[in-house]
Amino acid sequence: MANILIIVGTESGNAQMCADHLSDNLPRLGHEIEVASDADAGSVDLSGRDVALVITSTHGDGELPDNIIPLADRLRGDAPDLSHLRYGVIALGDQTYQATFCKAGKDMDSLLGACGASKVGERLEIDACTQPLPDEEALNWAQEWVTML
Ligand SMILES: Cc1cc2nc3c(=O)[nH]c(=O)nc-3n(C[C@H](O)[C@H](O)[C@H](O)COP(=O)(O)O)c2cc1C
């Protein structure tokens, strides 16, 4: 059983919807889920955490959602030692933004890795154009992902 902190970066709610779906369904597989969204995601403390799952969309021209920018800034600026942390990333994007597809998820992935955290599994990238049910995509992926923890 894992205690998983889901960190949500969202502008219009799709990433939150994914987090809510995981939060509703992963506990029955024996996992404890906590969700940090809105302002909580920016101020989240990763020092005492074992497992984190970042679910973030990309906005603007490859930018992070506003609510998660403070966390990214802290990781970039302070470079905390996160060698105790295992993490996964679900990136929401849209393929029509070719040059910046899922860039925020990719950036969070790089930042966590640069702080010494260990990635579990491959990042999931969900394309809003071709995958209209992001919460189902996320849950299918997460059910496999938790078996690797
Ligand atoms: C104004 C705007 C800018 C966007 N920019 C990007 C982008 O640069 N790259 C990308 O992959 N997706 C981009 N998207 C697509 C969103 O990431 C996608 O629709 C996602 O599902 C939104 O999730 P959210 O509701 O959690 O914010 C953009 C969407 C909007 C509305």
Quiz prompt | Using a Förster distance of 22 Å, the FRET efficiency for Ser12-Gln98 (Cβ separation, nearest 0.05) | solution = 0.60
Exercise. Order by neighbour count: Met1, Met17, Met108, fewest other Cβ atoms within 10 Å first, most last.
Key: Met1, Met17, Met108
Practice problem: Among DSSP beta bridges lying fully in the stretch 15-138, give the percent that are antiparallel, nearest 5. | Solution: 5
Self-check item: Label-to-label distance, nm, for residues given as Asp38 and Ala114 (7 Å Cα→Cβ offset)
Solution: 3.0
Quiz item: Taking neighbour Cβ counts within 10 Å as the exposure measure, how do Tyr87, Tyr97 sort from fewest upward?
Solution: Tyr97, Tyr87
Practice problem: With θ set to phi - 60°, apply the Karplus curve 6.51 cos²θ - 1.76 cosθ + 1.60 along the stretch 92-107 and write out the HN-Hα couplings as whole Hz, x wherever there is a Gly or Pro. | Solution: 9, x, 8, 4, 5, 8, 4, 6, 10, 4, 6, 5, 5, x, 5, 5
Exercise. Once you have a ≥ b ≥ c as the square roots of the Cα gyration tensor eigenvalues for the stretch 20-149, tell me rounded if a/c is under 1.5, and otherwise prolate or oblate according to whether a/b is larger than b/c.
Key: oblate
Quiz item: What is the diffusion coefficient of the stretch 1-92 in µm²/s, taking the Kirkwood radius over Cα pairs and the Stokes-Einstein relation at 25 °C with a viscosity of 0.890 mPa s?
Solution: 183
Exercise. Note the direction-averaged projected area, equal to a quarter of the hull surface, for the Cα convex hull of the stretch 93-149, in nm².
Key: 4.3
Self-check item: Built amide H within the under 5 Å cut-off of Ala36, gap 5+
Solution: Ile6, Ile7, Val8
Quiz prompt | For Ala128, residues with placed amide H under 5 Å, excluding near neighbours | solution = Gly93, Asp94, Gln95
Quiz item: With θ set to phi - 60° and the Karplus curve 6.51 cos²θ - 1.76 cosθ + 1.60, what are the ³J(HN,Hα) couplings of the stretch 53-65 in order, to the nearest whole Hz, using x for Gly and Pro?
Solution: 10, 8, 10, 9, 8, 10, 9, x, 10, x, 9, 6, x
Quiz item: Given a Förster distance of 25 angstrom, what is the FRET efficiency for Glu136 paired with Asp78, based on the Cβ-Cβ distance and rounded to 0.05?
Solution: 0.10
Practice problem: Give the peptides 134-144, 42-52 in descending order of average Cβ contacts within 10 Å, highest first. | Solution: 134-144, 42-52
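Coordinate-derived values only; no laboratory data. Note that the structure is predicted; figures quoted are calculated from it, not measured. As a convention, Cβ positions derive from the backbone with ideal geometry for all residues, glycine included, and neighbour counts pool all protein chains shown.
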